[in-house]
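Have a look at the structure below before the remarks.
The values are calculated or read from the model by the stated rules, or taken from the named source; none is laboratory data. Note that the coordinates shown come from a computational prediction; the quantities given were computed from them, not determined experimentally. Cβ placement follows ideal geometry from the backbone for every residue including glycine, while neighbour counts extend to all protein chains displayed. Just so you know, the surface numbers come from the protein's heavy atoms only, side chains and all, with ligands and any DNA or RNA stripped out. Shrake-Rupley method; radii C 1.70, N 1.55, O 1.52, S 1.80 Å.
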Amino acid sequence: DSVISKNKNENPSIPFTTSTLQQDATRKLGKSTKEIMSIAQRLYENGFITYMRTDSPNLSSECIAASRAQIEHLYGKEYLSDRPRNYSAKSKGAQEAHEAIRPAGDKFRTPQETGLSGDDLKLYALIWRRTLATQMKECFKSTTTVQLSLDDYLFSATGTTIIFKGFRKIYEVALDEKESEEEEGVLPQLEAGCEVYIESAESKDHTTNPPSRFNEATLVQKLESEGIISGYSVKINYK
């Protein structure tokens, strides 16, 4: 009956603070927050990353310049954001004594150049990708909603097509199972008035379940949102 498409942009995630590093790394590496911080401590002590205990998403001008130079070198100008991005914490409780967690130095080593291995390499690569992603172009998407009629019944389907990956070329935030299930699928090219054929039909029961028990990542996320541990709300400053 109808096909409605809307374009939208997805911005990269903010640079890592201690809590966001714990959330993403525990999901992706399958480690506890204690193990993640132990690996981060080792990377910091050996000069691979900046200080790993921080509530600030701010990036130094040195970091922004290094990120943008490496993006252009590795992926080309088409993946570089139009203007440098920086982030600052607006939370009253944020101390911002240190900048965000990012690769150390004014020139970044790629994960392959570090000589690291195992979990050290995995965590460094995660921090490196997230830092570079902050200076990459947005991800451009097209979201399509389709309504289909069959006799007196009306069905709808929603799907997303990625037009330009942008920062998603190197970095995506890890999702819990529930969030992953809610991600929209991909639809074929459709036009209003065309006929589609039902190959199969399946009826599914849906029940509302109580919230899942906390894992370490979701607990840290909840504590931060409730202001129990250091939280922030972020604004982007363009230079």
**Item:** Criterion (open to solvent by 50 Å² or more (accessible area, probe 1.4 Å) and at pLDDT 95 or above) met by exactly one of ARG130, ARG109
**Value:** ARG109
**Complete:** Taking first residues from region 104-132 that are closer than 12 Å to ILE39 by Cβ and second residues anywhere that are buried (at least 18 other Cβ atoms within 10 Å of the Cβ) and of a type in the set (D, E, K, R), the pairs with Cβ under 8 Å that are 6 or more apart or on different chains are ASP119/LYS31; LEU126/ASP24; ILE127/ARG102
**Request:** Just need a number here: residues in region 20-76 that are loosely packed, with under 14 Cβ neighbours inside 10 Å, polar (S, T, N, Q) and under 19 Å from the mean Cα position of the chain (by Cα).
**Result:** 0
**Message:** With the structure loaded, tell me whether PHE167 is in contact (Cβ under 8 Å) with a residue 60 or more places away in the chain, in contact with a helix residue (DSSP H, G or I) (Cβ under 8 Å, 6 or more places away or on another chain) and within 30 Å of GLY30 (Cβ to Cβ) or whether it fails that test.
**Reply:** yes
**Asked** So which residues in region 69-87 are touching a Leu at 6+ places or on another chain (Cβ under 6 Å) and in a helix (DSSP H, G or I), if there are any at all?
**Response** ILE71, GLU72
**Message:** Suppose we filter ASN215, ASN209, ASN237 for residues that are surrounded by 10 or more Cβ atoms within 10 Å (Cβ to Cβ), out of contact with any Phe, Trp or Tyr (no Cβ under 7 Å at 6 or more places or on another chain) and at pLDDT 70 or above; which single one remains?
**Reply:** ASN215
**Request:** Just name the residue that is most open to solvent (accessible area, probe 1.4 Å) out of those in region 145-177 that are farther than 15 Å from TYR79 by Cβ, touching a Ser or Thr at 6+ places or on another chain (Cβ under 7 Å) and at pLDDT below 90.
**Result:** SER156
**Prompt:** Which residues, counting only those in region 1-39, are without any contact (Cβ under 8 Å) to a residue 40 or more places away in the chain and β-branched (Val, Ile, Thr)?
**Reply:** THR20
